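**Q** There's a structure below that I have some questions on.
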Amino acid sequence: TNPGFVVRITQAGLDYAHQHGIAVLQKELAQLKLPDISGDFRVRHLGKVHYEISSLNLRDFHLPYSRISLVPNVGLQVAISNAFAEVDGNWRVKFHFIRDHGSFNLEVKNVYIKIDLKLGSDTSGKPTVSTSACSTRISSVHVHFSGKFGWLYNLFYSAVESRFRKILEGKVCDSVVSSVSGDLQRYLQTLPVTAKIDAKAGIDYSLVAPPVATAQTLDVDLKGEFFSLAHRGAVPFHPPVLAFPPDHDRMVYFGASSYFFNTAGFAYHAAGALVFEITDSMVRRAGGSVLPWMCHGSFPLPAPLQLDKMYPNMLMKLRLSAPSAPFLSIAPDGISLQPTVDIQAYAILPSSSLAPLFLLSLVSNVSATVDVKSGHIVGNLMSGHLVKLFSFPLPPQLQVRMLQSIMNIYASSILLPRVNERLAEGFPLPLPDRIQLSNILVQFHQNFLLLGADVHYTPR
């Protein structure tokens, strides 16, 4: 099954995320807790020397050079080079009757760290990340001792250096694994896999497969499906194949297929939300004086139907509904749809009950514009010409041209503003916490809408 929605992260997006990730890792490495070191070694002709290294304090840990790379069909790799750190501590030695102690400063240079990240998804459809491999290599460790017996310090210098290198190499990878499984994994879990839109519908953004790394991008396939909150049923159509263009000048791209938008119409239709009523007060607010049906500031029955004699001085109500879910098409020239709308006319009786008068069924051309605002897809519908018009029954006194004029006015002044008011609120994009989009790109392609953007992350 093809995804209904695809998120594509480019190398520029990975580089941006990498900057923030390295900043977090650098802070965590600077807080490493190092254990005390003690031991004995023998000096020829002198005997055993006992040493203790304690109160180790890692003052700094700098990661000046690093890069993140895509490993096709595997995941991501982070390489850190020329890192360096400084450690302070206390030392103590015992050699026969000689006792001495003092402080020392240790410089760690040319630290190389390689981290392999494996990407996946859990049972809820959220992304996961883990460290599949980590290696640390320290090329240079230099200790500066303070004290009176310089010749003695040199005797156990090499022992301290080798033990400290081994300890620090293990501690660095432990910290990396902890940071990935803790900070990074927790952050990825903030990606919403379901988003409630309103009281009627929500969006399913769960991953349908683990993220896939290619030579240039990281692609995340999402279900991309609207659903009714009252009753979620199977969608009777399938997502099309999305053919992304080769341009990658933004940090992130969102591919929203026609399936994604059509499931919205399906969900709202299933929830009974595609029903609108037009009353006298709404017509007046919409400037209904232009309608031939208006008379003396009220909304009486249309005279051509000769129903004013049957229902004298009674107002009308129009009930607009979609007999089926609207189905749109996306092509390089834009979004278009031809929704069918049934308009049932009623007379409002003195008892407030409704007497059905006639039913109009019309099909109209509608186009749409799309944009992204505050992390939401927003839209606006524009009505075109009337394609078909049916009436059951159609009295001979009521001309089709008159009905077309009336319906066009209703659509442009009452129906579309109500729909566009909802579309202006938008539908949330699948974004983790504290992410804002800028430099928005909107393109139409065959069967999908492509949204490109740069990313700004706000730390806590």
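The values are calculated or read from the model by the stated rules, or taken from the named source; none is laboratory data. All of these numbers come straight from a predicted model, not from anything done at the bench. Neighbour counts run over all protein chains shown; Cβ positions are idealised from the backbone, glycine included. All accessible areas refer to the heavy atoms of the entire protein, side chains included, with ligands and DNA or RNA removed. Shrake-Rupley method; radii C 1.70, N 1.55, O 1.52, S 1.80 Å.
**Q** Got a number for the accessible area of residue 94? Probe 1.4 Å, square angstrom, nearest 10.
**A** Residue 94 has an accessible surface of roughly 100 Å² with all protein chains in place.
**Q** Based on a Kirkwood Rh over C-alpha pairs, give the Stokes-Einstein translational diffusion coefficient of segment 11-189 at 20 °C and viscosity 1.002 mPa s in µm²/s.
**A** 118 µm²/s
**Q** Work from the charge dipole of the chain (Cβ charges, +1 for Lys and Arg, -1 for Asp and Glu, about the Cα centre) and give the residue of 4, 145, 347 farthest towards its positive end.
**A** 145
**Q** Same structure again: Could you calculate the FRET efficiency of residue 424 with residue 355 from 1/(1 + (r/R0)^6), where r is the beta carbon distance between them and R0 is 60 Å, rounded to 0.05? Display every interim value, and only then the final one.
**A** Details: r = 36 Å, r/R0 = 0.60.
Between residue 424 and residue 355 the formula returns 0.95.
**Q** With a sphere of radius 14 Å drawn around the Cβ of residue 26, what net charge do the other residues whose Cβ falls strictly inside it have (Lys, Arg +1; Asp, Glu -1)?
**A** Net charge around residue 26: -2.
**Q** Just by accessible area at a 1.4 angstrom probe, what is the order of 456, 101 from largest to smallest?
**A** Per-residue accessible area, sorted high to low, gives 101, 456.
**Q** May I pose another question? Order 425, 86 by their accessible area, 1.4 angstrom probe, all chains in place, largest first.
**A** Sorted by accessible area, descending: 425, 86.
**Q** Bin width 5 Å, alpha-carbon pairs only: give the P(r) of segment 49-98 as whole percents, running from 0 to the bin holding the largest distance.
**A** 5, 14, 13, 11, 11, 11, 9, 8, 7, 5, 3, 2, 1
**Q** Cβ under 12 Å from residue 213's Cβ, residue 213 left aside: what net charge do those residues give with Lys, Arg +1 and Asp, Glu -1?
**A** Numbers: positive: 8, 118; negative: 116, 219.
Residues close to residue 213 contribute a combined charge of 0.
**Q** Give the aspartates and glutamates reachable from residue 48 as a straight Cα distance under 14 Å; neighbours fewer than 8 places away on the same chain don't count.
**A** 40
**Q** Then there is this: Using the heavy atoms of the protein chains and a 1.4 angstrom probe, tell me the accessible area per residue for the chain in square angstrom.
**A** Counting only protein heavy atoms, the per-residue value for the chain is 50 Å².
**Q** Something else now. Using C-alpha positions alone, give me the convex hull volume of the chain per residue in cubic angstrom.
**A** 176 Å³
**Q** Okay, moving on. Near residue 126, which lysines are there with a Cα under 30 Å away, not counting those fewer than 8 places off in the same chain?
**A** Excluding near neighbours in sequence, the set is 27, 114, 118, 171, 196, 200, 223, 373.
**Q** Would you check the accessible area of residue 268, probe 1.4 Å, heavy atoms only, in square angstrom rounded to 10?
**A** About 30 Å², ignoring ligands and nucleic acids.
**Q** So what's the gap between the Cα centers of segment 49-63 and segment 320-365, to the nearest angstrom?
**A** Each part's Cα centre sits 77 Å from the other's.
**Q** Given a 1.4 Å probe and every protein chain left where it sits, what share in percent of the accessible area of segment 11-189 is carbon and sulfur? Spell out each step's value before the answer.
**A** Working: 4770 of 9420 Å².
About 51 percent, which is the carbon plus sulfur part of the accessible surface.
**Q** Still on this structure: Using a 1.4 angstrom probe with every protein chain in place, what is the largest-first accessible-area order of 97, 227, 444? Display every interim value, and only then the final one.
**A** Details: 97 175, 227 30, 444 55 Å².
Correct descending sequence by accessible area is 97, 444, 227.
**Q** Quick one: work out the % antiparallel among DSSP beta bridges in the chain, nearest 5.
**A** Details: 139 of 139 bridges.
The answer is about 100 percent antiparallel.
**Q** Could I ask something else about it? Once the other residues with Cβ under 15 Å from the Cβ of residue 234 are scored (Lys, Arg +1; Asp, Glu -1), what is the net sum?
**A** Values: positive: 223, 232; negative: 204, 225.
Overall, the nearby charge balance is 0.
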